[in-house]
Amino acid sequence: MGSEFGQLDWEGKDPELQLEMNHTAVDHTFLKTFHLELTEGRFFTEELKTDSDNFVLNEIAAKAIGADAPIGKKFRLLNKEGVIIGVVKDFHFTSLHKEISPLIMHMMPYQYWMYRNYVFVRLRSENIGATLAAIKDKWDKVIPEYPFEFYFLDKTIDNRYRSEQRFGVILRVFTILAIFISCFGLFGLISFAAEQRTKEIGIRKVLGASVTGIVRLLAKEFLILVIIANVIAWPLAYVAMNRWLDNFAYRADFSIEVFLFSGLLAVGIAFLTVSFQSIRAALANPVKSLRYE
């Protein structure tokens, strides 16, 4: 695939307008092989030799040249002149980090293809091993001077975003680790607070305080701190996530509900951690509490 800036012309073009467009050589099976959708006109055929001079554009390219009805319009790429015979629905031909850009498809002799050492084959999912063996047999008969090597397109695409996948795994591991450490820290703090207030808890129980009241007394100050921490963390997380998502042309937006859910989850985990030790302290025998030294 290449790109062209100056050597482009089409019917009705403004002489002052200069656009950069990608272009790639294809054959008549390209549309079917890659399951592309034709929105206007037709695709290349073997029967019409004149198609070697014609062009198929994607939707963005058709919109970029300002043609409401692009089919049949004269078009020139470098020294090739023909007409636009079709428009295909926009598809990603580069990384999702970039927006879909204008694309011109045209036919040219196979020996001039940039990817002439590659053959793209669509396989059925069943019995892939036997299919690959049959393809290798044909390959070795036609071009034995080149070793047969194959790649799966889905694996290749997956490798493009392996860094994002690794980042996601690392983020999940550190999130779980942070929650685990935080729970231990909260458990230690509530244990220390309960020990410091052992006599107070005993006196409150003797005077008729309920288990729920004592748990609320011990847990309230820690839960308030967790809520304050969330309020501080939300804007920082928002800025960090927006900066990371800015690397993608097509991104998922997140709303306030995401932060509310994460805050409720954090408060819930903290409440469970704090409540466990608080209930133990509240259920202790008040006589032992009052004898506590």
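Side notes on the structure shown:
- Where a residue in the range 224-239 is assigned to a helix (DSSP H, G or I) and its partner, wherever it lies, is surrounded by 10 or more Cβ atoms within 10 Å (Cβ to Cβ), with Cβ under 7 Å and at least six apart: VAL226/ALA266; VAL226/VAL267; VAL226/ALA270; ILE227/VAL267; ASN230/GLY263; ASN230/ALA266; TRP234/PHE259
Conditions tested, residue by residue: (1) part of a strand (DSSP E or B); (2) of a type in the set (Val, Ile, Thr); (3) over 24 Å from ARG160 (Cα atoms); (4) assigned by TED's automatic domain parsing to the domain that holds PHE152.
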position: THR24; (1), (2), (3), (4): yes, yes, no, no
position: HIS35; (1), (2), (3), (4): no, no, no, no
position: THR39; (1), (2), (3), (4): yes, yes, yes, no
position: ALA69; (1), (2), (3), (4): no, no, yes, no
position: VAL83; (1), (2), (3), (4): yes, yes, yes, no
position: LEU96; (1), (2), (3), (4): no, no, no, no
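- For first residues located in the range 120-145 and loosely packed, with under 12 Cβ neighbours inside 10 Å, partners that are outside any loop (DSSP other than H, G, I, E, B) and charged (D, E, K, R) and lie 6+ apart or on another chain with Cβ distances below 9 Å form the pairs ARG122/LYS32.
Residues are listed down the side, and each one gets a yes or a no for (1) part of a helix (DSSP H, G or I); (2) touching a residue at least 12 places away in the same chain (Cβ under 8 Å); (3) buried (at least 17 other Cβ atoms within 10 Å of the Cβ):
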| position | (1), (2), (3) |
| --- | --- |
| PHE43 | no, yes, yes |
| GLU46 | no, yes, no |
| THR50 | yes, yes, no |
| MET108 | no, yes, no |
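- Flag if VAL56 is assigned by TED's automatic domain parsing to the domain that holds GLU37, part of a strand (DSSP E or B) and surrounded by fewer than 21 Cβ atoms within 10 Å (Cβ to Cβ): no
- If you check VAL258, VAL274, VAL287 for being out of contact with any His (no Cβ under 7 Å at 6 or more places or on another chain) and either outside any helix (DSSP H, G or I) or modelled with pLDDT of 75 or more (or both), only one passes: VAL258.
- Taken together, ILE100, ILE104 contain a single residue that is within 22 Å of THR156 (Cβ to Cβ), in contact with a Ser or Thr (Cβ under 9 Å, 6 or more places away or on another chain) and either not in a helix (DSSP H, G or I) or not assigned by TED's automatic domain parsing to the domain that holds LYS13 (or both), which is ILE100.
The values are calculated or read from the model by the stated rules, or taken from the named source; none is laboratory data. As the structure is a prediction and not an experimental result, all values here were calculated from the model. So basically every Cβ, Gly included, is an ideal-geometry build from the backbone, and we count neighbours across all protein chains shown.
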